[in-house]
Structure formats: structure tokens, C-alpha cells
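Working notes, beginning with the structure itself.
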Amino acid sequence: AKRNGRNRFEHFTIEMDNQARSRRVIENDLRDAISGRQLKLYYQPITNEQGIIGYEALMRWHHPIKGLIMPNDFIPIAEETGLIHMLGAYALYEACREAQSWNTEQSVSVNLSPLQFKNSSLVSVVEGALRESGLAPHRLEVEITESVLLDDTLGNIRTLQSLKTLGVQIALDDFGTGYSSLSYLRSFPFDKIKIDKSFINDMGDSREALAIIRAITGMSRSLDIQITAEGVENGEQFAKLREEGCTLFQGYFFGRPQPSELRLKELE
Ligand code: C2E
Ligand code: CA
Ligand code: CA
Ligand code: CA
């Protein structure tokens with residue numbers, strides 16, 4: 001048994017080593033990716049009853065050897081290594097530039113890492129992206145997660161207010177997964193709340209998920225905040241969410257994330 005235990009331990013440490021090594025490889029490659037134009041934004045439609053009102057920008061990494069790498073496999077590493085600031089600025093500049101080329105009034109939503117949000121240069125990066133692209137500020141939306149609200153509340157409110165002063169819209173992403181209560185929403189100037197896709201996924205067979213969706217839509221009506229349901233995958237979910245009072249929808253049922261140029265083809 002002892003010998004077995006030791007083997008397992010050795011196996012475990014080798015695994016850890018491999019993981020650490022592969023993280024280092026990704027970290028090095030990520031530095032090159034930013035300068036080498038391997039990072040690309042894909043755009044997923046956000047619709048209301050009338051049609052597509054905007055797109056969420058979702059990052060993809062086209063690695064020269066490994067192929068397509070998804071954000072959950074490189075954003076955490078970018079956050080650990082500080083590369084997220086460069087990567088995040090790139091996303092803001094690129095999303096504004098591409099949205100400005102669309103010839104529509106549609107908005108573009110950009111995800112902000114909590115680390116970016118806490119960085120004192122965020123507001124000037126957003127300002128720079130708007131100025132350089134010429135995009136009307138109301139067409140840019142930033143998506144932040146609840147974790148941002150948990151600490152340093154006063155500083156965070158100031159940052160949110162500076163962004164609002166620029167004319168940018170603010171969405172609270174992945175709502176329901178974090179720690180904040182519905183009462184938080186009153187203290188912050190959000191334009192939209194995005195209900196996390198896990199609740200949409202579960203609402204068919206979980207009373208609890210449906211109850212949470214109801215609580216969020218009920219609260220939003222009295223606060224005059226729009227609700228986006230994300231991860232809508234079928235017509236059944238869509239119908240149910242409309243019934244519950246959601247006004248904005250996003251998910252594979254309406255369209256998958258696509259490069260900017262394909263997004264335009266889709267509209268023709
Ligand atoms: P998120 O912001 O919650 O984005 C929604 C995710 O759900 C996206 O995954 C999207 O492709 C996926 N999705 C959309 N519709 C459906 C659906 O109907 N069903 C299912 N199962 N999934 C759907 P993706 O593109 O892999 O991105 C994962 C996460 O990575 C994002 O979650 C976001 O937190 C982060 N991320 C992506 N791009 C950026 C970025 O530029 N900056 C930062 N900081 N984070 C990013
Ligand atoms: Ca998002
Ligand atoms: Ca989300
Ligand atoms: Ca998420």
C-alpha cells in the first residue's frame with residue numbers, strides 16, 4: 001500500500017510539473033500572440049423582439065501549432081501573468097474599431113477582467129479606444145462580473161461612474177453565480193444584467209433555477225434595468241424567458257460567435 005501511495009504521489013507531482021510546464025509554454029506563446037495578430041474577436045448576436053441590437057465580443061486565439069484555443073484556456077493565465085492588461089486593451093481597441101466599420105447602430109459588448117477593472121488606467125484605455133475608433137460611446141458596452149463589487153466598493157463605484165460619464169453602457173455579467181444579493185443592484189449604475197447561462201440551462205427541470213430567474217426579472221422591472229438571458233439554446237427556453245419578462249436574448253439559438261466579416265455576411 002505504501003509503495004502504491006508513493007507511486008501515486010510521484011505520479012501526482014509529475015502531473016503538476018507537466019501542468020506548470022504547459023502553463024509556461026502558453027504564457028510565452030501568449031506574449032507572441034498579442035504582437036503576432038493571433039488573437040481575434042468573434043461576435044455573438046444579442047437580440048430583442050425586433051432583431052439584432054448588438055454583439056458580444058469573445059476572444060479566440062488562433063495558435064500557429066495548437067490551432068484554436070478558447071478563452072477559458074488562456075484568460076486565467078493572462079490574468080496570473082499580468083498579460084491581461086495588454087490583452088484587454090487590445091480587445092477594447094479592436095472591438096471599437098470593428099464595430100465602427102459595421103455601418104449600423106448596433107452595439108458591441110466587451111468583457112472586462114476584474115484585474116483590468118481595478119487598474120487605474122482603465123478609464124483612459126476606454127477613452128483611447130473610443131477616440132481612436134471614432135465609435136459613439138453609447139455603442140460600447142463593458143461587461144463586468146459581480147466579483148468587482150465585493151471589495152473596494154467606493155473605488156469601484158467611482159470607476160463605474162467615470163465610465164458612465166464617458167457615455168459607455170455597463171452590464172453585470174454572469175449574474176446569479178457570485179455572492180452579491182439583489183439589493184446590490186440599487187447601489188450601482190448598471191444598464192443591463194445578464195442572467196448566467198447555467199440558470200437558462202437548468203430552468204426546464206429545476207424549480208430553483210426558474211425561481212431565481214423570476215426574482216431577477218421582478219427586481220429589474222422596479223429598477224428599470226434590462227435583463228439579458230444568455231445561453232438560450234432552443235425555442236422552448238426563448239418562449240419561457242419572454243413569458244418571464246426577459247427583453248434581451250443571446251445564445252446558440254440566435255447565433256454563434258463569428259468573426260466580424262462573417263457577421264456582416266450573415267446579415268446580407
Ligand atoms: P461569458 O462572458 O459568460 O461569455 C459567454 C460564453 O458562453 C461564451 O464562451 C459563449 O461562446 C458561450 N455561449 C454563448 N451562447 C451559448 C449557448 O447557447 N450555449 C452555451 N453552452 N454556451 C454559449 P467563450 O467564448 O468560450 O468565452 C468564455 C468566457 O471567457 C467568457 O464568458 C468570458 O468570461 C471570457 N472571455 C471571452 N473573451 C474575453 C475577453 O476578451 N476578455 C476577458 N477578460 N474575458 C473574455
Ligand atoms: Ca460576457
Ligand atoms: Ca456571461
Ligand atoms: Ca462566464
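The values are calculated or read from the model by the stated rules, or taken from the named source; none is laboratory data. Predicted model, so just to flag it, every value in this text is computed and none were measured. Here the Cβ is made from the backbone with ideal geometry for all residues, glycine too, and neighbour counts use every protein chain on show. Side chains are part of the model used for accessible areas, which takes the heavy atoms of the whole protein and leaves out ligands, DNA and RNA. Shrake-Rupley method; radii C 1.70, N 1.55, O 1.52, S 1.80 Å.
Of note, residue 184 satisfies the criterion of being part of a helix (DSSP H, G or I), modelled with pLDDT under 90, of a type outside the set (A, V, I, L, M, F, W, C) and open to solvent by 20 Å² or more (accessible area, probe 1.4 Å). Can you name the number of the only condition in (1) without any contact (Cβ under 8 Å) to a residue 24 or more places away in the chain; (2) more than 21 Å from residue 44 (Cα to Cα); (3) within 16 Å of ligand 4 (Cβ to nearest atom) that residue 120 fails? Exception for residue 120: condition (3). Residue count for region 105-125, restricted to those that are modelled with pLDDT of 95 or more and in contact with a strand residue (DSSP E or B) (Cβ under 7 Å, 6 or more places away or on another chain): 7. Cβ separations smaller than 9 Å between residues 6+ apart or across chains give the following pairs from region 73-87 residues that are away from ligand 4 (no atom under 15 Å from the Cβ) and open to solvent by 50 Å² or more (accessible area, probe 1.4 Å) to residues that are small (Gly, Ala, Ser) and in a helix (DSSP H, G or I): 85/78; 86/78.
Among the residues of region 217-268, just one is more than 16 Å from the chain's Cα centre (by Cα), of a type in the set (Ser, Thr, Tyr) and farther than 18 Å from residue 192 by Cβ, namely 260. Screening the candidates 154, 130, 68, 122 for the property of being in contact with a Pro (Cβ under 7 Å, 6 or more places away or on another chain) and away from ligand 2 (no atom under 16 Å from the Cβ) yields one hit, 130. When residues in region 228-267 are screened for being touching a Lys or Arg at 6+ places or on another chain (Cβ under 7 Å) and farther than 30 Å from residue 39 by Cα, 2 of them pass. Taking region 9-77 and the strands (runs of 3 or more DSSP E) fully enclosed by it, the elements with 1 or more residues that are out of contact with any Phe, Trp or Tyr (no Cβ under 7 Å at 6 or more places or on another chain) and basic (Lys, Arg) are at 39-47. Please verify whether region 176-198 includes one or more residues that are in contact (Cβ under 8 Å) with a residue 60 or more places away in the chain and not charged (D, E, K, R). Within region 176-198, none of the residues are in contact (Cβ under 8 Å) with a residue 60 or more places away in the chain and not charged (D, E, K, R). Here's a check for you: in region 110-128, which residue that is of a type in the set (S, T, N, Q) and touching a Gly at 6+ places or on another chain (Cβ under 7 Å) is surrounded by the fewest Cβ atoms within 10 Å (Cβ to Cβ)? Top of the filtered list is 113. Of all the residues in region 216-237, those that are within 16 Å of ligand 2 (Cβ to nearest atom) and either modelled with pLDDT of 95 or more or open to solvent by 30 Å² or more (accessible area, probe 1.4 Å) (or both) number 6. Comparison of 26, 52 shows that the only residue that is more than 23 Å from residue 99 (Cα to Cα) and open to solvent by less than 60 Å² (accessible area, probe 1.4 Å) is 26.
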